[in-house]
Amino acid sequence: TQLLEQSPQFLSIQEGENLTVYCNSSSVFSSLQWYRQEPGEGPVLLVTVVTGGEVKKLKRLTFQFGDARKDSSLHITAAQPGDTGLYLCAGPRDAGNKLTFGGGTRVLVKP
Amino acid sequence: GAGVSQSPSNKVTEKGKDVELRCDPISGHTALYWYRQSLGQGLEFLIYFQGNSAPDKSGLPSDRFSAERTGGSVSTLTIQRTQQEDSAVYLCASSSGQGSQPQHFGDGTRLSIL
């Protein structure tokens, strides 16, 4: 059983549509991070959310951290083919900052 | 370059052979992490270094796996007597310290065991 559950596992949409990816846990996290990974590359950090209820915007991407700091969501508005990739949420498990990752959501935006 | 560098980018080897994977972290980063990623899946923590010491080795799957870091910089992950289930992408990340410092990832080594 993964500590962080992501849903859906796969999402295929047309360019211009909106999408939301969810990251849920039964545990409280001090912070959660969202990464995007493209084939053959390492994950690239998009954002870190720290405060319960926090909302962060990065252009067309909106990240939300749940009030209880157990869940997070990523919403993409008017998706573009360049948004295609594997989206991963991750949270630190202890003071050593090793990250536990969700299973990832593969997003495909078709032109 | 200024990013995390991993080598080789791809490695194909026969079952039973030993392999050594290398990670060059960002200069000055004291923390270094190894993760493993199976095809299209999330990342699995293997080991964490702070300087040259490894306070957390809890993710190493078996005693066939070992890692070291020298000079507070380069790290090598060694897998002895490789098995087919070791096939995965091995990713290295570094950060400037503990706490919520962001981790910067290399592009990984894709390991295939025949």
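The values are calculated or read from the model by the stated rules, or taken from the named source; none is laboratory data. Predicted, not measured: the structure shown is a model, and the values here were computed from it. Here the Cβ positions follow ideal geometry from the backbone for every residue, glycine too, while neighbour counts run over all protein chains shown. The protein model used for the area step is the full one, side chains on, heavy atoms only, and it has no ligands, DNA or RNA in it. Shrake-Rupley method; radii C 1.70, N 1.55, O 1.52, S 1.80 Å.
For the range A:5-110, count the residues as N, evaluate 2.2 N^0.38 Å, and divide the Cα radius of gyration by that value, please.
Ratio of Rg to 2.2 N^0.38 Å for the range A:5-110: 1.02.
Please give every one of the aspartates and glutamates within straight-line cross-link reach of A:K70, meaning a C-alpha to C-alpha distance under 18 Å, and leave out same-chain neighbours fewer than 8 residues apart.
A:E5, A:E54, A:D94
Let me check I've understood the local charge: for A:A78, count other residues with C-beta under 12 angstrom from its C-beta, Lys and Arg +1, Asp and Glu -1. What total comes out?
-1
With all protein chains present, how much of the accessible area of chain A (probe radius 1.4 Å) comes from carbon and sulfur, to the nearest whole percent?
Answer for chain A: carbon and sulfur cover 49 percent of the accessible area.
Given springs between every Cα pair under 10 Å in a Gaussian network model of chain A, which of A:E41, A:E15, A:E54 has the largest fluctuation?
Answer for the Gaussian network model of chain A: A:E41.
Which value results when the Cα radius of gyration for the range B:1-51 is divided by 2.2 N^0.38 Å?
1.32
How large is the accessible surface of A:L108 in square angstrom, using a 1.4 angstrom probe and rounding to the nearest 10?
70
Using alpha-carbon positions, what is the distance between the centroids of the range B:1-64 and the range B:76-93, in Å?
8
State the cysteines of the protein assembly as shown left without a partner when partners are defined as other cysteines whose beta carbon lies under 4.7 Å away.
Cys with no partner Cβ under 4.7 Å: none.
Say each of A:Q14 and A:H75 gets a label point 7 Å from the Cα, pointing the same way as Cα to Cβ; how far apart are those two points in nm?
Placing both labels 7 Å beyond Cα along the Cβ direction yields 2.2 nm.
Excluding ligands, DNA and RNA, what is the accessible area buried between chains A and B, summed over both sides, using a 1.4 Å probe, to the nearest 100 Å²?
1600
Could you grab the relative contact order for chain A? Cα pairs under 8 Å, six or more apart, rounded to a whole percent.
Once divided by the residue count of chain A, the mean separation gives 36 percent.
How far apart, in nanometres, would the label points at A:K56 and B:A2 be if each is projected 7 angstrom from Cα along the Cα-to-Cβ direction?
My value for the distance between the label points is 2.0 nm.
Below 15 angstrom from the Cβ of A:G52, what's the summed charge of the other residues (Lys, Arg +1; Asp, Glu -1)?
0
Give the value in nm², to one decimal: projected area of the alpha carbon convex hull of the range B:5-113, averaged over all directions.
If I average the Cα hull's projected area over directions, I get 6.2 nm².
Can you work out the accessible area per residue across chain A, with the rest of the protein chains kept in place, probe 1.4 Å, in square angstrom?
Result: 47 Å² of accessible area for each residue.
Computing the accessible area with a 1.4 Å probe over protein heavy atoms, can you report the carbon and sulfur percentage for chain B?
43
Of the listed pairs A:K98/B:K15; A:K110/B:K17; A:K98/B:K11; A:K59/B:K11, which have alpha-carbon separations greater than 32 Å here?
From A:K98/B:K15; A:K110/B:K17; A:K98/B:K11; A:K59/B:K11, over 32 Å: A:K110/B:K17; A:K59/B:K11.
At what distance in nm do the modelled label points of B:S62 and B:Q101 sit from each other, each positioned 7 Å from its Cα along Cα→Cβ?
3.4
I need to check one value: relative contact order of chain B, counting alpha carbon pairs closer than 8 Å and at least 6 residues apart, in percent.
37
Compute the accessible area per residue over chain B, keeping the other protein chains in place, probe 1.4 Å, unit Å².
47
What is the magnitude of the charge dipole of chain A about its Cα centre, with +1 placed on the Cβ of each Lys and Arg, -1 on the Cβ of each Asp and Glu, and no other charges, expressed in debye to the nearest 20?
140
List the GluC sites (Glu not before Pro) in the range B:1-69 that DSSP assigns to loop (not H, G, I, E or B) and whose Cβ has at most 14 other Cβ atoms within 10 Å. Which are they?
For GluC sites (Glu not before Pro) across the range B:1-69 that sit outside H, G, I, E and B with at most 14 neighbouring Cβ atoms in 10 Å, the list reads B:E14.
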